[in-house]
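To keep things clear, I will list the structure first and then write my remarks on it.
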Amino acid sequence: MAKIITKKEENYSQWYNDIVTKADLAENSPVRGCMVIKPYGFAIWEKMQGVLDKMFKDTGHSNAYFPLFIPKSFFSREASHVEGFAKECAVVTHYRLKNDEKENNIIVDPGAKLEEELIVRPTSETIIWHTYKNWIQSYRDLPILVNQWANIVRWEMRTRLFLRTTEFLWQEGHTAHATKEEAMEETVRMINVYADFAENWMGMPVLKGTKTNSERFAGALETYTIEALMQDGKALQSGTSHFLGQNFAKAFDVQFTDKNGKLDYVWATSWGVSTRLMGALIMAHSDDNGLVLPPKLAPTQIVIIPIYKNNEQLTQINEKAEKIKKQLQDKGYSVKFDDRDTHKPGWKFAEYELKGYPIRLAIGPKDLENNTIEIARRDTLTKEVVNQDGLLNKVDELIDNIQNNIYKKALDYRKNNTRKIDDYEEFKRIMNEEGGFVEAHWDGTAETEEKVKNETRASIRCIPIDNEEEKGQCIVTGKPSAKRVVFARAY
RNA sequence: CGGGGUGUAGCGCAGUCCGGUUAGCGCACCUGCUUUGGGAGCAGGGGGUCGCAAGUUCGAAUCUUGCCACCCCGACCA
């Protein structure tokens with residue numbers, strides 16, 4: 001088995017092929033830049049979906065669904081939005097094929113040309129605000145707090161499995177509010193939901209902050225982001241929440257009558273996370289033996305592997321294992337008993353490590369004799385033999401412990417790779433040799449941001465919310481700065 | 001769209017420079033026996049339009065021309 005290299009950028013393709021193919025997550029699809037999410041990978045996604053969906057509902061949102069196709073004219077209504085997305089849209093121009101008798105081939109029927117082209121959604125603001133226009137007349141119709149789980153298509157020039165695929169799955173929340181304050185609160189609420197999910201479920205520490213003008217979502221007045229640091233020192237934008245102001249309401253003429261009888265435009269937010277989070281999950285925690293999944297998101301938390309020499313032993317172990325499985329399931333754990341006779345125990349050990357199962361139990365003849373069981377944890381790859389009577393408590397303890405440990409490990413990694421730099425030459429060296437987050441002063445201009453990007457390939461990932469004010473001088477121009485911002489090379 | 005690279009079995013590759021039996025290796029797959037506490041051993045077996053097309057030649061995976069696809073690095077981006 002080829003080793004999975006997590007540190008070096010140049011080995012990521014190898015790493016992906018192994019993890020992704022062998023761990024049954026996905027494989028390259030014949031369609032340009034698209035991915036097949038294999039059953040095990042999709043199980044992880046479903047798990048994430050389930051948690052996020054509950055978080056959205058708990059914050060008052062409901063699910064809905066809007067069309068995949070957006071008429072081209074909708075798109076051009078919001079100027080900066082169309083500018084941001086125009087270059088990466090798949091466009092439907094015809095609605096029928098026909099048999100070309102000369103060539104004996106199927107061709108696009110020229111007679112089936114659409115009068116107005118349809119855009120395959122790269123995001124749904126336009127069609128949703130077109131729809132909201134009919135839903136909103138009065139302040140009594142507000143707020144609208146809607147989320148949709150959907151697929152979208154962005155025809156990027158360059159794709160990267162999981163991190164930037166042509167088609168991807170995501171959720172997009174689109175809310176409408178009567179006041180600016182309320183919309184702003186919603187924007188911040190949702191970035192906090194994302195940060196909560198990333199840290200407490202994925203075990204992945206994130207920096208919360210706002211984007212600079214040039215990195216902002218097309219059509220937004222403010223973009224909040226969570227930025228995670230991958231094990232190769234590159235940053236990954238993992239979720240965003242946008243304050244859209246009244247831009248889309250104005251573009252789609254969505255006005256409402258307020259309590260005082262005055263007409264005003266509606267305030268909007270949108271927010272989303274995608275299957276990129278699976279890439280983040282993989283890249284944040286995996287090691288040379290494969291995936292490491294946080295217990296809270298692992299589709300199966302515990303696997304039990306029988307070790308036996310003959311059928312008689314297997315029967316005895318089966319009985320015992322099924323009992324243990326039942327007990328664990330009663331406590332709410334997802335458990336798999338792998339009694340396949342087609343693979344040997346050693347093979348199974350390696351297999352479940354590759355797939356990142358948090359806890360592995362092994363039970364064999366020795367254990368039957370001694371009333372013991374072997375318990376192994378994926379995050380540290382350590383194992384111990386415990387008495388069966390204490391197993392349930394041990395599992396409780398381990399599940400918590402593993403969840404906390406992988407978070408702590410990722411946090412330590414980030415701490416060790418976050419540097420305060422005040423010298424531009426040092427900054428350049430760090431970007432070339434070390435990677436990671438660099439906290440530095442910036443004069444606030446797009447010119448400086450652009451210069452740094454051209455010279456170091458590092459961009460401003462965010463202006464952190466939590467960072468303290470600290471007066472300083474821009475690392476490039478020496479002009480005054482009120483606060484450090486976070487730079488990194490990013491995916 | 002620029003720069004680089006690769007296309008040979010499901011996966012990973014050798015063979016190509018310098019044309020020559022029936023195209024080979026590892027893993028995986030199938031059958032049988034022995035095995036089973038960290039990816040088992042032995043024996044046998046199946047699987048290929050050598051990316052596509054044309055050309056050169058007695059003969060092409062190998063040489064020539066054209067095309068296509070994919071990967072990596074940039075520009076772009078969740």
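The values are calculated or read from the model by the stated rules, or taken from the named source; none is laboratory data. All of these numbers come straight from a predicted model, not from anything done at the bench. So basically every Cβ, Gly included, is an ideal-geometry build from the backbone, and we count neighbours across all protein chains shown. Areas reflect the complete protein model, heavy atoms only, side chains present, ligands, DNA and RNA absent. Shrake-Rupley method; radii C 1.70, N 1.55, O 1.52, S 1.80 Å.
For region A:166-236, the extents of the C-alpha atoms along the principal axes are 43, 28, 26 Å, listed from largest to smallest. For region A:243-387, the Stokes-Einstein estimate of translational diffusion at 37 °C and a viscosity of 0.692 mPa s comes to 175 µm²/s, using the Kirkwood hydrodynamic radius over alpha-carbon pairs. Mean projected area of the convex hull spanned by the Cα atoms of region A:322-404, taken over all viewing directions: 5.5 nm².
Per the Kirkwood formula applied to alpha carbons, region A:131-173 shows a radius of gyration over Rh ratio, Rg over Rh, of 1.23.
Per residue, the convex hull around the alpha carbon atoms of chain A comes to 192 Å³. Relative protection proxy for A:40-46, A:436-442, from highest mean packing down: A:436-442, A:40-46 (other beta-carbon atoms within 10 angstrom). Heavy-atom accessible surface of chain A, averaged per residue, reaches 46 Å², computed with a 1.4 Å probe. Restricting the calculation to Cα atoms, every distinct pair contributes to the Kirkwood radius of region A:57-136, found to be 15.1 Å.
For A:Trp170, A:Trp347, A:Trp201, A:Trp149, the ranking by accessible surface with the largest value first comes to A:Trp347, A:Trp201, A:Trp149, A:Trp170, using a 1.4 Å probe.
Entry note, chain A: relative contact order of 13 percent, from Cα contacts under 8 Å with a spacing of 6+ residues. Once backbone amide H atoms are built at 1.01 Å from N, A:Arg419 has A:Phe437, A:Val438, A:Glu439 as its partners under 5 Å, excluding neighbours fewer than 5 places away on the same chain. Site pair A:Lys133 and A:Glu397 shows an inter-label distance of 6.4 nm when each label is modelled 7 Å from Cα along Cα→Cβ. Cβ-Cβ distance of A:Glu182 and A:Ser334, R₀ of 41 Å, FRET efficiency by 1/(1 + (r/R0)^6): the value works out to about 0.55. Of the solvent-accessible surface of region A:389-491, computed with a 1.4 Å probe and all protein chains present, 44% belongs to carbon and sulfur. Computed 3J(HN,Hα) for region A:109-123, one whole-Hz value per residue from the Karplus formula 6.51 cos²θ - 1.76 cosθ + 1.60 where θ = phi - 60°, is 6, x, x, 9, 6, 6, 5, 10, 5, 10, 9, 6, 3, x, 4, glycine and proline marked x. Counting every pair of alpha carbons in region A:289-332, the share spaced more than 18 Å apart comes to 44 percent. Across the accessible surface of region A:222-373, with the other protein chains kept in place and a 1.4 Å probe, carbon and sulfur atoms take up 44 percent. Could you sort out which of A:Lys47/A:Lys323; A:Lys309/A:Lys408; A:Lys309/A:Lys383; A:Lys47/A:Lys420; A:Lys408/A:Lys479; A:Lys47/A:Lys348 sit more than 29 Å apart by Cα distance in this structure? From the list (A:Lys47/A:Lys323; A:Lys309/A:Lys408; A:Lys309/A:Lys383; A:Lys47/A:Lys420; A:Lys408/A:Lys479; A:Lys47/A:Lys348), the Cα-Cα distance tops 29 Å for A:Lys309/A:Lys408; A:Lys47/A:Lys420; A:Lys408/A:Lys479. For region A:366-415, the relative contact order is 27 percent, taking Cα pairs closer than 8 Å that sit 6 or more residues apart in sequence and dividing their mean separation by the residue count.
For A:Lys259, a cut-off of 18 angstrom between C-alpha atoms picks up these lysines, skipping any fewer than 8 places away in its own chain: A:Lys180. With the helix formula -39500 (n - 2.57) applied to DSSP H stretches of n ≥ 4, chain A reaches a computed 222 nm mean residue ellipticity of -10500 deg cm²/dmol.
For A:Asn260 and A:Asp389, a Förster radius of 45 Å and the Cβ-Cβ distance give a FRET efficiency of 0.05, rounded to the nearest 0.05. Under the membrane-span-like helix rule (DSSP H runs whose alpha carbons stretch at least 18 Å along the helix axis, mean Kyte-Doolittle hydropathy -0.5 or higher), chain A yields A:39-58. Computed from the alpha carbon atoms alone, the convex hull of region A:385-491 holds 130 Å³ per residue. Counting only protein chain heavy atoms and rolling a 1.4 Å probe, the accessible areas of A:Leu281, A:Leu169 rank, largest first, as A:Leu169, A:Leu281. When the P(r) of region A:401-460 is calculated, the portion above 18 Å amounts to 42% of the C-alpha pairs. Diffusion of region A:46-93 by Stokes-Einstein, at 20 °C in a medium of 1.002 mPa s and with Rh set to the Kirkwood radius over alpha-carbon pairs, works out to 157 µm²/s.
Residues whose amide H lies under 5 Å from that of A:Cys462, counting only those 5 or more places away or on a different chain, are A:Val486; hydrogens are built 1.01 Å from N in the peptide plane.
Taking label points 7 Å from Cα along the Cα-to-Cβ direction, A:Lys323 and A:Lys344 give a separation of 3.0 nm.
Give me Rg/Rg_expected for region A:89-244, where Rg uses Cα atoms only and Rg_expected = 2.2 N^0.38 Å with N residues. Here the answer is 1.34, to two decimals. Can you pull the one-decimal nm distance between simple spin-label points at A:Leu381 and A:Glu83, each 7 Å off the Cα toward Cβ? With each label point 7 Å from Cα toward Cβ, the separation is 5.1 nm.
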